Amino acid sequence: MNGRMSESVNESVNESVNENMNECMCESTDESMNKIMRFGSGGIEVVMDCKTSLFTIKAANHTWRQEESFSPCLILRVGLRLCFRCADVIRHAHYKSGVGKGIVSYYEWKDAAYPGVGNEKAARNETAEHLDFSLETVVWLEYASQALHFELIPGKGELSFQKILWPGYFTFEKNSADAYTVMPVLQGLLIPNTWENEVKALPFDGQFCSAGAYMPWFGQVEAGGGYIAICETPWDAGYYIDHPAGGPHTHVGTYFLPSLGTLSYRRSLRYVFLENCDYNDLCKVYRRYAIETGLLTTLSEKAARNPLVDDLIGAAVVHKGIKKHVSPDSQFYDREHPEKNDAVIPFHARSAEILRYHQMGVKKLYLHLDGWGAPGYDNQHPDYLPACPEAGGWEGLKELSDTLHNCGYLFGLHDQYRDYYMDAATYDREFALHAADGTVFEMARWAGGRQNYLCATQAPYYVKRNFEEVLKHGIRLQASYLDVFTCNEPDECAHPCHRMTRKECLEYRSACFSYLWSKGILPSSEECGDWAMRQLVFCHYGPYDFMLQKPGTPRRGVPVPLFNLVYHDYMILPWLMDRQPDEEDYMLYALLNGGAPYLDRDGAYPDTDGAFDSEAKRKLAEEIARCAVVSGLQERVAKCEMLRHEFPDGDYDRQRTIFADGTTVTVDFRTGEYEMKEV
């Protein structure tokens with residue numbers, strides 16, 4: 001797997017937000033803009049300050065105020081912004097339909113004299129001859145659900161921008177650990193307002209539909225009340241956070257990206273406010289939303305479609321490789337020890353390992369095989385065939401698949417359809433992702449060296465071409481792994497022959513999973529993007545954020561299973577089983593989450609994706625025994641909803657999960673003890 005090119009941070013977003021912290025100096029000449037407007041229904045009252053375009057919401061016995069120093073705006077580029085409150089034309093009016101009511105606001109920027117100063121004035125001066133742009137916002141309360149909707153609607157004209165910061169974030173400054181923010185960073189993160197470590201950077205800039213946000217929502221809770229903000233159009237959106245070391249506040253908000261350079265379509269956020277709640281309740285709100293919007297297909301439904309799902313439940317995962325080749329222009333090339341850049345393990349050696357697992361009593365096993373193609377791991381994709389000749393070729397790969405079949409085990413291959421290597425046989429720069437200005441991204445980080453990104457419009461064709469060839473050679477595949485699709489953010493491409501939005505990118509990735517289903521192959525990918533939950537059966541892992549950092553790295557917050565509280569009975573998640581010296585035993589997290597265990601896992605790259613040299617190694621018999629405990633629990637609860645996660649007595653080192661069948665798992669990370677109870 002190679003999803004994490006490098007951990008992107010949202011410094012640009014935070015810089016923009018910090019810039020907004022300076023109060024806008026513009027003064028409206030319209031006295032009507034100094035008034036407030038309000039609407040409400042069912043115990044919720046919404047108040048808008050027409051001068052600042054900021055809102056205060058009174059709901060569930062709480063008051064949520066958007067930060068006064070925040071100014072909703074379009075970021076044109078660093079240092080240049082257009083504030084909503086500084087538009088040339090601003091109109092607000094009450095809005096009502098058959099399903100709700102609210103306020104509609106109109107903002108227009110024209111070539112007329114500009115009333116602003118500072119960055120706003122600079123933006124106007126540099127764009128004046130082109131500036132004729134408008135947008136609308138509609139903030140409305142839905143009668144049926146009492147959800148508060150924030151909608152951003154394109155108007156006339158087109159304007160090149162980097163992102164839009166709207167709506168404003170809530171002031172959240174209670175100096176207490178009982179006030180906390182929850183964010184779907186990987187498996188899930190809880191940040192108390194008093195958390196000792198600064199949190200500003202998020203993986204992939206916090207972009208939704210990536211490892212930075214397995215699910216497109218965030219929430220905050222204080223004194224028993226809280227809210228969840230759900231992005232209903234997540235493909236071109238993300239979130240940011242500002243939590244200083246020790247608090248006392250945490251600010252979290254949303255940004256929207258252009259789609260192929262423009263605003264182009266309506267963007268929507270849904271806020272739901274709750275009383276006497278915690279993060280479990282927020283997760284259940286999102287679960288209901290996911291069910292209502294058709295995001296979900298349960299494991300039971302997937303098993304009815306392909307019974308191999310039941311064979312995978314309870315299987316120990318073995319992750320092994322065949323061929324390693326590191327190109328001299330790769331960042332991982334070892335120049336001091338060049339002999340370490342190449343290695344080949346024969347297919348028959350892996351067959352012998354499989355037989356050993358069988359002889360030692362492993363009942364269910366899934367082999368994830370890396371580096372099985374001729375070029376070696378992470379090389380020359382998408383032209384990866386034939387099977388590695390030095391390891392035994394097609395005959396050797398078939399013999400390995402037959403061995404797994406005879407042992408009653410499952411087999412899957414690692415493959416890649418995003419990284420587009422320049423030395424691939426059919427490489428053509430014209431099919432790489434093209435930015436709007438015609439540039440093509442290039443890097444040389446992974447083992448294969450120089451690469452672009454393949455436009456996802458092409459991926460389904462390559463998947464079909466390659467898998468048809470694999471199956472033609474009699475390779476028995478029960479599952480397979482398409483790398484990075486559910487880890488990396490969606491792409492967009494401006495090439496005129498294969499233009500693609502980010503939303504369309506996810507549809508093309510989904511088409512690749514659909515092809516695997518059509519061949520009776522269970523699809524998997526790197527992580528847990530909920531946009532793919534209708535099709536994915538399992539993934540490489542869905543870890544907590546800290547598990548992918550070097551041991552001892554300051555944590556961003558407290559790990560909580562937000563994803564599993566929503567999706568536990570919809571997807572099989574393998575868990576790392578490492579125990580770092582003087583660190584927690586990760587087996588306890590596997591039990592807590594009712595997941596699958598990794599029996600053996602060879603990391604492809606040193607100190608990357610949770611593979612660290614400091615891991616404490618155990619004897620194989622001990623590992624098998626530990627995995628049997630985890631597998632046994634998973635077979636019992638895999639198709640059960642995770643009802644609740646909690647910290648008994650408020651102690652973060654003691655955690656408990658409760659499943660729908662009544663099973664309760666309690667773990668103590670200080671002592672390494674665990675307890676499983678059945679009703």
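Could you run the Karplus curve 6.51 cos²θ - 1.76 cosθ + 1.60 with θ = phi - 60° over segment 502-510 and give me ³J(HN,Hα) per residue in whole Hz, x for Gly and Pro?
5, 4, 5, 4, 5, 5, 5, 4, 4
For segment 640-679 and segment 543-564, what is the centre-to-centre distance using only Cα atoms, to the nearest Å?
18 Å
Dipole magnitude of segment 466-606 about its Cα centre, charges +1 at Lys/Arg Cβ and -1 at Asp/Glu Cβ only, in debye to the nearest 20?
About 340 debye.
List the aspartates and glutamates whose Cα lies under 13 Å from the Cα of residue 519, skipping any in the same chain that are fewer than 8 positions away.
468, 469
Return the FRET efficiency for the residue pair residue 656, residue 178: r is the Cβ-Cβ distance, R0 is 22 Å, and the value is rounded to the nearest 0.05.
The pair residue 656/residue 178 has a calculated efficiency of 0.70.
What are the ³J(HN,Hα) couplings of segment 477-483, residue after residue, when phi is run through the Karplus curve with 6.51, -1.76, 1.60 and θ = phi - 60°? Round to Hz, x for glycine and proline.
10, 9, 8, 7, 10, 9, 5
How many nm is it between the label spots at residue 534 and residue 276, if each spot is 7 Å from the Cα in line with the beta carbon?
3.8 nm
Kirkwood hydrodynamic radius of segment 412-496 from all distinct Cα pairs, in Å?
Kirkwood radius, segment 412-496: 14.1 Å.
Whenever you get a sec, line up 85, 267 from highest to lowest accessible area (probe 1.4 Å, protein heavy atoms).
Listed by decreasing accessible area, they come as 85, 267.
If you place +1 on the Cβ of every Lys and Arg, -1 on the Cβ of every Asp and Glu, and leave all else neutral, what size is the dipole of the chain about its Cα centre, to the nearest 20 Debye?
Its charge dipole is roughly 1460 debye.
Students often get this wrong, so check it: of 163/200; 320/364; 302/472, which have C-alpha atoms separated by over 22 Å?
302/472
Work from the charge dipole of segment 276-341 (Cβ charges, +1 for Lys and Arg, -1 for Asp and Glu, about the Cα centre) and give the residue of 294, 330, 307 farthest towards its positive end.
It is 307, whose Cα lies furthest towards the positive end.
Compute the distance in nm between two label points, each set 7 Å from the Cα along the Cα-to-Cβ direction, one at residue 77 and one at residue 293.
In this crude spin-label approximation the distance works out to 3.4 nm.
Contour minus end-to-end for residue 442 and residue 679, with contour as 0.36 nm per residue of separation and end-to-end as the Cα-Cα distance?
79.8 nm
Distance between Cα centroids, segment 245-320 to segment 388-415: provide it in whole Å.
Here the answer is 35 Å between Cα centres.
Expressed as a rounded percentage, what relative contact order does the chain have, with Cα pairs under 8 Å and six or more residues apart?
Once normalised by length, the contact order is 12 percent.
Pop the C-beta distance of residue 349 and residue 144 into the FRET formula with R0 = 56 Å and round what comes out to the nearest 0.05.
Using R0 = 56 Å, I get an efficiency of 0.35.
Take the Cβ-Cβ distance between residue 197 and residue 331 as r, set R0 to 30 Å, and report the resulting FRET efficiency rounded to the nearest 0.05.
0.60
Which percent of the accessible area of segment 410-467 is formed by carbon and sulfur heavy atoms (probe 1.4 angstrom)?
Carbon and sulfur: 54 percent of the exposed surface of segment 410-467.
Could you run the Karplus curve 6.51 cos²θ - 1.76 cosθ + 1.60 with θ = phi - 60° over segment 96-101 and give me ³J(HN,Hα) per residue in whole Hz, x for Gly and Pro?
Karplus-based 3J(HN,Hα) across segment 96-101 equals 8, 9, x, 10, x, 8 Hz.
Please give the charge dipole size of segment 293-407, origin at the Cα centre, charges +1 on K and R Cβ atoms and -1 on D and E Cβ atoms. Round to the nearest 20 debye.
Value, rounded to 20: 460 debye.
The values are calculated or read from the model by the stated rules, or taken from the named source; none is laboratory data. Remember, it's a predicted structure, so these values are computed and weren't measured experimentally. Positions of Cβ are backbone-derived with ideal geometry, glycine not excepted, and every protein chain shown enters the neighbour counts. Note: accessible area is taken over every heavy atom of the protein model, side chains too, but ligands, DNA and RNA are not part of it. Shrake-Rupley method; radii C 1.70, N 1.55, O 1.52, S 1.80 Å.
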